[in-house]
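A.B. asks: Would you mind keeping the following structure in view while I ask a few things?
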Amino acid sequence: MFRSNRLLWTLSAGLALTLVAGCGGTTKGSDEAAGDGGTATQGTANPDAPIKEGLKIAFLPKEIDNPYEVMVDKGGVDAVSELKGEGKEVGPSDASASSQVSYINTLIQQRQDAIVIAANDPNAVAPALKDAMSKGIAVVTYDSDAAVDARQIFVNQADSEEIGRSQVRMVSEQIGGSGEIAILSATPNATNQNTWIKFMEDELKKPEYANVKLVKIAYGDDDDQKSFQEAQALLQTYPNLKGIIAPTTVGISAAARYLSSSPYKGKVKLTGLGTPNQMREFVKDGTVTAFALWNPTELGYLAGYAAASLASGKISGKEGEKFEAGKLGEYTIGKDGEIILGPPTEFNADNIDDFDF
Ligand code: RAM
């Protein structure tokens, strides 16, 4: 559910906040989660149970070299430390699902109490995650979800629909409501980017975007060099391109670097999701007007609390269950086991220096 004290999602169009928290329906089956590890089975949670001490909780991001993921996992490990557990970050150096499967199998052998994963592919990691749950390991996804029946809780950074639609609103406003646009995404199978892109495409069907044409979805694989080259290729292939949406911190910073030293600087608009620290110089030099993000550290911190609460049997992943997430306060589990951190912030020249992450 949304928390009223989170930073306001400042829509560039000045539109009112219309975020919708998930309601109704039931959560995914987590019956397999019963096991000798003491993980809660759906419906058997005890909200009064204490958080167990010494919980081993592993964070498995899309890739470990991405500054965004590093911040997220720092927040997660800090949360586990606060709860007197042992948190750690492990993961591949490329955003691939097959590498993640090897890590999941190792974490199962290590008898971790919980695995917190940002899935590089919703289905490819599902069998290994189901295996983990069948052995009593709590499974939480964060940032990028896995198949709903392969995890108990998904900690989402913000409302997926609003993230997607707002990116289109931002780019359309920046290009004056008319012209060719492209999307520079992460990997082709990333659950989070693909969900946002689906909502972007739907938003583009509205009459107010009749003159905005999406000409290409490119994939930089959350690899800095590849993203840079893809940005360059977009401009070469589409000389009339007016705007790029990069809904990935890796993609937007690489594209900004390319644009800032090209003749397109300030002419081809770039927006999307980026960290203020990676994007500051490009806002100051006029390459980028506005972009958005949530607080990555808080995302990991919330996932850490959710995982510890799950592994302690305080929650089971069922809609309506509540738990305390330390300094972030109380959260409620929504439909399909989803928890939403809160609305993101839009950054621009006026506020970017207020943020340091
Ligand atoms: C990149 C990753 C991550 C996404 C952010 C916005 O760092 O793709 O999954 O949430 O961008």
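Read-outs throughout are calculated quantities, based only on the coordinates presented, and are distinct from any laboratory measurement. Note that the structure is a prediction, hence the values are computed from the model and not measured. We place every Cβ from the backbone using ideal geometry, glycine too, and count neighbours over all the protein chains shown.
A.B. asks: Give me the net charge for the shell around PHE199: Cβ to Cβ below 9 angstrom, other residues only, Lys and Arg +1, Asp and Glu -1.
C.D. replies: -3
A.B. asks: Taking the Cα centre of the chain as the origin, how large is its charge dipole in debye, to the nearest 20, when only Lys and Arg (+1) and Asp and Glu (-1) carry charge on their Cβ atoms? If you can, show how the numbers build up before the last one.
C.D. replies: Working: 33 positive and 48 negative charges, 109 e Å.
Its charge dipole is roughly 520 debye.
A.B. asks: Give the long-range amide H neighbours of ASP222: residues separated by 5 or more places, or on another chain, with amide H under 5 Å away, using H modelled in the peptide plane at 1.01 Å from N.
C.D. replies: Amide H neighbours of ASP222, under 5 Å, 5+ apart: THR187.
A.B. asks: OK, next. Provide the per-residue ³J(HN,Hα) series for the range 257-271, in order, calculated from phi with Karplus coefficients 6.51, -1.76, 1.60 and θ = phi - 60°, each as a whole number of Hz, with x at glycine and proline positions.
C.D. replies: 4, 5, 4, 5, 10, 10, x, 8, 3, x, 8, 8, 7, 10, 9
A.B. asks: Between the helical axis of 191-203 and the dominant principal axis of the chain, each derived from Cα atoms, what acute angle in degrees is found, rounded to the nearest 10?
C.D. replies: The angle comes out near 50 degrees.
A.B. asks: Which of rounded, prolate or oblate describes the range 160-293 when judged by the alpha-carbon gyration tensor and an a/c cut-off of 1.5? Each step should come with its number before you reach the end.
C.D. replies: Working: a/c = 1.37, a/b = 1.16, b/c = 1.18.
Because its axes are fairly even, with a/c under 1.5, the range 160-293 counts as rounded.
A.B. asks: Can you list residues whose amide H is under 5 Å from PHE347's amide H, if they're 5+ apart or on another chain and H is modeled 1.01 Å from N?
C.D. replies: Here the answer is PHE291, ALA292, LEU293, since their amide H atoms fall under 5 Å of that of PHE347.
A.B. asks: Over the range 160-293, calculate the relative contact order: mean separation of alpha carbon pairs under 8 Å at least 6 apart, over the residue count, as a percent.
C.D. replies: Numbers: 259 pairs, mean separation 36.1, N = 134.
In percent, rounded to a whole number, it is 27.
A.B. asks: Moving to a separate point now. Quickly rank 149-162, 269-282 as a protection proxy: mean count of other C-beta atoms within 10 Å, highest first. All intermediate terms of the calculation are to be shown ahead of the outcome.
C.D. replies: Values: 149-162: 25.1, 269-282: 22.8.
With the highest mean Cβ count within 10 Å placed first, the list reads 149-162, 269-282.
A.B. asks: Using only Cα atoms, tell me the angle between helix 296-311 and the longest principal axis of the chain; keep it within 0 to 90° and round to the nearest 10.
C.D. replies: The angle comes out at about 20 degrees.
A.B. asks: Anyone know which of THR248, THR187, THR44 comes out most mobile in the 10 Å Cα GNM of the chain?
C.D. replies: Fluctuation is largest for THR44.
A.B. asks: Still on this structure, I have one more. Quick one: putting +1 on the C-beta of Lys and Arg, -1 on the C-beta of Asp and Glu, what dipole do you get for the range 221-272 around its Cα centre, in Debye to the nearest 20? Numbers along the way, then the final one.
C.D. replies: Values: 6 positive and 5 negative charges, 84 e Å.
Approximately 400 debye in magnitude.
A.B. asks: Ok, one more. Mind pulling the angle between the C-alpha long axis of helix 67-82 and the longest principal axis of the chain? Nearest 10 degrees, somewhere in 0 to 90.
C.D. replies: Its long axis makes an angle of about 30 degrees.
A.B. asks: Could you work out how far apart the two model spin labels at VAL215 and LYS84 are, taking each label as a point 7 Å from the Cα in the direction of the beta carbon, and quote it in nm?
C.D. replies: Using points 7 Å along Cα→Cβ, the separation is 6.1 nm.
A.B. asks: Separate question: Can you give the relative contact order of the chain as a percent, counting alpha carbon pairs under 8 Å and 6+ residues apart? Display every interim value, and only then the final one.
C.D. replies: Numbers: 877 pairs, mean separation 93.3, N = 357.
After rounding, I find 26 percent.
A.B. asks: Let me ask something else about it. For the chain, what is Rg from Cα atoms divided by 2.2 N^0.38 Å, rounded to two decimals? Let's see the in-between values first.
C.D. replies: Numbers: Rg = 20.0 Å, N = 357, 2.2 N^0.38 = 20.5 Å.
It is 0.97.
A.B. asks: Here is a follow-up. If you place +1 on the Cβ of every Lys and Arg and -1 on the Cβ of every Asp and Glu, how big does the dipole about the Cα centre of the range 160-293 come out, in debye to the nearest 20?
C.D. replies: Values: 15 positive and 15 negative charges, 80 e Å.
Computed about the Cα centre, the dipole is about 380 debye.
A.B. asks: Can you tell me which of ALA246, ALA128, ALA95 moves the most in a GNM of the chain? Springs connect C-alpha atoms under 10 Å apart.
C.D. replies: Sorting by GNM fluctuation, first place goes to ALA128.
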